[in-house]
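Novice: After the structure tokens below, expect a handful of questions from me.
The values are calculated or read from the model by the stated rules, or taken from the named source; none is laboratory data. These figures come from a predicted structure and were not determined experimentally. Using ideal geometry, Cβ is built from the backbone for each residue, glycine included, and neighbour counts are taken over all protein chains shown.
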Number of protein chains: 2
Amino acid sequence: MPVTIRDVAKKAKVGVGTVSRVLNNSPAVRDETRLRVISVIEELEYTPNPIARRLSTGLTLTIGVVLPYLTMPSFIARLRGVQSVLTDSKYDLVLYDIENSSQRDSYFQNFSLKSRVDGVLLISLPPDDEQAEALNYSNIPVVLIDGYHPNMCCVYPNDQQGGRIATQHLIELGHHKIAFLSDYLSTPFHPSMRLRYQGYREVLNAENIPFSPKYQIEGERGRINARTMAKQLLSQDNPPTAVFAASDTHAIGVIDGAQELGIKVPDELSVIGYDNIRDAEYVNLTTIDQHLIQSGIDGANLLLEMLDNPSKDNHVKKILDVDLVVRGTTQRPSS
Amino acid sequence: MPVTIRDVAKKAKVGVGTVSRVLNNSPAVRDETRLRVISVIEELEYTPNPIARRLSTGLTLTIGVVLPYLTMPSFIARLRGVQSVLTDSKYDLVLYDIENSSQRDSYFQNFSLKSRVDGVLLISLPPDDEQAEALNYSNIPVVLIDGYHPNMCCVYPNDQQGGRIATQHLIELGHHKIAFLSDYLSTPFHPSMRLRYQGYREVLNAENIPFSPKYQIEGERGRINARTMAKQLLSQDNPPTAVFAASDTHAIGVIDGAQELGIKVPDELSVIGYDNIRDAEYVNLTTIDQHLIQSGIDGANLLLEMLDNPSKDNHVKKILDVDLVVRGTTQRPSS
DNA sequence: CTGAAAGCGCTAACAA
DNA sequence: TTGTTAGCGCTTTCAG
């Protein structure tokens, strides 16, 4: 039923090879022939079957993007960056959403990806050593976006710098009692949080502000949990005057918690978040912008380069700067 | 280099046909043989090449999801619903983002989709008659999510009902001077806005509240434009006490505008939006929830059914109910 | 129940 | 410059 290359060849009175050459812009076709073939192609409304082409060339012309929680706005922003560069390329983008760890394992196992895609973009899913090994072994180009592994190509934000900038901002406003609130720092899922924490500690140190464990709290992810943690933090004696939350979602939870306790933000408590997600604008949250879209763009471009240039596989690291975005939830302490 | 079905066949001392049968769970294989083949498959870590399978079966095992503006939160929510059902199916999800009308045309032209995907989900991209014709002609199953066309399968929200519910809510609070603010109602891109408007008019009518053109305004999309329109609406003599904004983004713009004019929401002005996007929660906006995720789920399931059951192509329409979500931006009028 | 062989639609090497 | 042909890796008759 569908028209094939053979139909075109027959009608144009040439061999299939010639049609193929025309299709692929080979210079080795006489102009006259080319024109004839093209006109038949148009007449028949022929479109080459990409599947057949893929089988024949061994290229899938497809890039797999795997990311966790399609829900999260920050992942979406990265995806959007990826999308924007892939749209202009010859590659299709197939989406793999990971909602649980068995799915996660299966993708890292590379079995599911093998021969389905030419390259993979892993968003916010840093592999452990074993997984990285498996991925590298599979020999398919991979770049990590918002993830780090020594033996892989990575595009990631300078989280430690971000931690420093956020903390510095609060200190410059005059805060000394600065709390740090985050997910569990030991989970391998979000090493970025630990880096932000390190930045925080570093600046405290540099500014000769003693670190107090009372001002550091970690727990399950999510806004609700952050609220609970915040209330705990703020209910103690000599509570902090500022909270550095390791994500905007956390920060919003902190604001919720403060509100419940009748503590005014920013008058009585400064709050700084991290990520600059869309919501941050609505709650007028001071935060750290990590150029989410740009990370997607850079990651995709990096992968495209690797695809063009298979030799160059030298674990490029691209570190993205982050910026402070001052809005309305931070100010100098009242006392 | 990669291990093929032939390697497995040779090692298991069977024909490739048998291996294929094992792969596809054909009952026509002796248990003993099956076991032997399976063990070789595992030993060799063989995975069938999906591309070859696709060419051979003529199935791509891929579903194309076409949507505009990967940016917009409401589209993402729908995509998420789609994703969740496709993850559990045998289909891959390939994403086509449409950022301009030439991309749009090319997808509707079906050339680009033909033989790349088994089915298509069109999110928030209602085709015109010609496009629908082309799509139907291509014979590839399509379902419209958040879009309507008589000759296609569609999943869409009951916008007119939503318009009624929103208006009714304001009236029940005691409002009579209710404005309606939206995109240009004549644009074919968003017929849903017009339906919401019709619901609004309908209820006004039923409640014997005369419609005043002074209270209806339309313009370019976006928060900024909504703010401008709102200021215009609220600066006139005898201004409305309530605004029904045709989207949450509009509603947020209205709130901006009111704030600029020193008009307090909800004390002096009630505002109701439409969509219940994430941001609505942060600004505590009363709105209409149209079950975005569910629309994705329903659309994907519908497509899967069509794929299983190619005969049944009878332009199913699935209309999703909408719900009122009362939050903090509406209350009874002060006067 | 199983093996052999004929495609699926295309690309690419080879010969002409 | 062109046509012919041999695959790409799999599924699916068709014999046996």
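Novice: Just checking, how many residues over the stretch B:119-163 are among the charged types (D, E, K, R) and either buried (at least 23 other Cβ atoms within 10 Å of the Cβ) or within 10 Å of the chain's Cα centre (by Cα) (or both)?
Specialist: Number satisfying all stated conditions: 2.
Novice: Continuing with this model, one more query. Listed residues A:54, A:78; which is surrounded by 20 or more Cβ atoms within 10 Å (Cβ to Cβ), within 9 Å of DNA strand D (Cβ to nearest atom) and within 12 Å of chain B (Cβ to nearest Cβ)?
Specialist: Of A:54, A:78, the one residue that is surrounded by 20 or more Cβ atoms within 10 Å (Cβ to Cβ), within 9 Å of DNA strand D (Cβ to nearest atom) and within 12 Å of chain B (Cβ to nearest Cβ) is A:54.
Novice: Let me ask you something else. Taking the stretch A:57-75, which residues are surrounded by fewer than 18 Cβ atoms within 10 Å (Cβ to Cβ), within 9 Å of chain B (Cβ to nearest Cβ) and polar (S, T, N, Q)?
Specialist: Selection gives A:71 alone.
Novice: Also, I was wondering about something else. Looking at B:267, B:279, B:256 in this structure, which one is in a loop (DSSP other than H, G, I, E, B) and assigned by TED's automatic domain parsing to the domain that holds residue B:182?
Specialist: After ruling out the rest, the residue left standing is B:267.
Novice: Restricting to the stretch A:169-216, name every residue that is among the hydrophobic types (A, V, I, L, M, F, W, C) and in a loop (DSSP other than H, G, I, E, B).
Specialist: Passing the criteria: A:185, A:189, A:209, A:211.
To keep it simple, each residue is scored yes or no on (1) closer than 24 Å to residue A:62 by Cα; (2) modelled with pLDDT under 90.
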| position | (1), (2) |
| --- | --- |
| A:132 | yes, yes |
| A:144 | yes, no |
| A:154 | yes, no |
| A:165 | no, no |
| A:178 | no, no |
| A:191 | no, yes |
| A:200 | no, no |
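Novice: Limited to the stretch A:61-100, what total is found for residues that are of a type outside the set (Lys, Arg) and in a loop (DSSP other than H, G, I, E, B)?
Specialist: Within the stretch A:61-100, residues that are of a type outside the set (Lys, Arg) and in a loop (DSSP other than H, G, I, E, B) number 10.
Novice: Now for a different question. Examine the stretch A:214-228 for a residue that is in contact (Cβ under 8 Å) with a residue 40 or more places away in the chain and in the same structural domain as residue A:283 (by TED's automatic domain parsing), and state whether such a residue exists.
Specialist: yes
Novice: A further question follows. Which pairs turn up if I take residues in the stretch B:247-262 that are touching a residue at least 40 places away in the same chain (Cβ under 8 Å) and farther than 8 Å from residue B:273 by Cβ and look for partners that are in a helix (DSSP H, G or I) and hydrophobic (A, V, I, L, M, F, W, C) with beta carbon separation below 9 Å, at least 6 apart in sequence or on another chain?
Specialist: Going by the 9 Å Cβ cut-off, the qualifying pairs are B:254/B:226; B:254/B:229; B:254/B:230; B:254/B:233; B:254/B:234; B:255/B:230.
Novice: How many residues does the stretch A:275-291 contain that are under 22 Å from residue B:76 (Cβ atoms) and within 12 Å of chain B (Cβ to nearest Cβ)?
Specialist: Total meeting the criteria: 8.
Novice: Look through the stretch B:250-274, keep the residues that are buried (at least 24 other Cβ atoms within 10 Å of the Cβ) and within 14 Å of chain A (Cβ to nearest Cβ), and return whichever of them is farthest from residue B:78 (Cα to Cα).
Specialist: So, considering only residues that are buried (at least 24 other Cβ atoms within 10 Å of the Cβ) and within 14 Å of chain A (Cβ to nearest Cβ), the one farthest from residue B:78 (Cα to Cα) is B:255.
Novice: Here's a follow-up. Go through B:44, B:67 for me and flag whichever is touching a helix residue (DSSP H, G or I) at 6+ places or on another chain (Cβ under 8 Å), closer than 21 Å to residue A:137 by Cα and more than 8 Å from DNA strand D (Cβ to nearest atom).
Specialist: Of B:44, B:67, the one residue that is touching a helix residue (DSSP H, G or I) at 6+ places or on another chain (Cβ under 8 Å), closer than 21 Å to residue A:137 by Cα and more than 8 Å from DNA strand D (Cβ to nearest atom) is B:44.
Novice: To continue, here is another question. Just to be sure, is residue A:143 aliphatic (A, V, I, L, M), within 14 Å of chain B (Cβ to nearest Cβ) and over 29 Å from residue A:219 (Cβ atoms)?
Specialist: no
Novice: Of everything in the stretch A:229-249, what is more than 14 Å from chain B (Cβ to nearest Cβ), within 28 Å of the chain's Cα centre (by Cα) and in a helix (DSSP H, G or I)? Give them in sequence order.
Specialist: A:229, A:230
Novice: Turning to a different aspect of this structure: Taking the stretch B:32-88, which residues are of a type in the set (Asp, Glu) and either touching a residue at least 60 places away in the same chain (Cβ under 8 Å) or more than 26 Å from residue A:55 (Cβ to Cβ) (or both)?
Specialist: B:32, B:88
Novice: Then there's this: Over 18 Å from residue B:292 (Cα atoms), out of contact with any Ser or Thr (no Cβ under 6 Å at 6 or more places or on another chain) and within 16 Å of DNA strand C (Cβ to nearest atom) - does that describe any residue in the stretch B:61-77?
Specialist: Yes, the stretch B:61-77 contains at least one residue that is over 18 Å from residue B:292 (Cα atoms), out of contact with any Ser or Thr (no Cβ under 6 Å at 6 or more places or on another chain) and within 16 Å of DNA strand C (Cβ to nearest atom).
Novice: Out of everything in the stretch B:92-104 that is buried (at least 16 other Cβ atoms within 10 Å of the Cβ) and at the interface with chain A (Cβ under 10 Å from one of its Cβ atoms), what residue ends up being nearest to residue A:84 (Cα to Cα)?
Specialist: Ranking the candidates gives B:97 first.
Novice: Those residues that are of a type in the set (A, V, I, L, M) and modelled with pLDDT of 85 or more, I need them from the stretch A:59-75; list them, please.
Specialist: Across the stretch A:59-75, the qualifying residues are A:59, A:61, A:63, A:65, A:66, A:67.
Novice: Residue B:107 versus (1) over 27 Å from residue B:297 (Cα atoms); (2) buried (at least 16 other Cβ atoms within 10 Å of the Cβ): which is the lone unmet condition?
Specialist: (1)
Novice: From B:107, B:137, grab the single residue that is more than 10 Å from chain A (Cβ to nearest Cβ), farther than 23 Å from residue B:292 by Cα and in contact with a Leu (Cβ under 8 Å, 6 or more places away or on another chain).
Specialist: From the options B:107, B:137, the qualifying one is B:107.
Novice: Are there helices (runs of 4 or more DSSP H) fully within the stretch A:1-55 with at least 3 residues that are more than 8 Å from DNA strand C (Cβ to nearest atom)? List them.
Specialist: Hits in the stretch A:1-55: A:5-12, A:31-44.
Novice: Also: Criterion first (within 10 Å of chain B (Cβ to nearest Cβ) and either within 16 Å of DNA strand D (Cβ to nearest atom) or modelled with pLDDT of 90 or more (or both)) does residue A:84 satisfy it?
Specialist: Yes: the conditions hold for residue A:84.
Novice: Go through (1) at pLDDT 90 or above; (2) in the same structural domain as residue A:151 (by TED's automatic domain parsing) and name the single condition residue A:128 misses.
Specialist: Of (1) at pLDDT 90 or above; (2) in the same structural domain as residue A:151 (by TED's automatic domain parsing), only one is false for residue A:128: (1).
Novice: Among what's in the stretch A:4-30 and is more than 8 Å from DNA strand D (Cβ to nearest atom) and exposed (fewer than 14 other Cβ atoms within 10 Å of the Cβ), pick the residue that is modelled with the highest pLDDT.
Specialist: The extreme case among them is A:6.
Novice: A follow-up question, please. Take the conditions among the aliphatic types (A, V, I, L, M), in a loop (DSSP other than H, G, I, E, B) and within 12 Å of chain A (Cβ to nearest Cβ) and apply them to residue B:117. Does it pass?
Specialist: Answer is yes for this residue.
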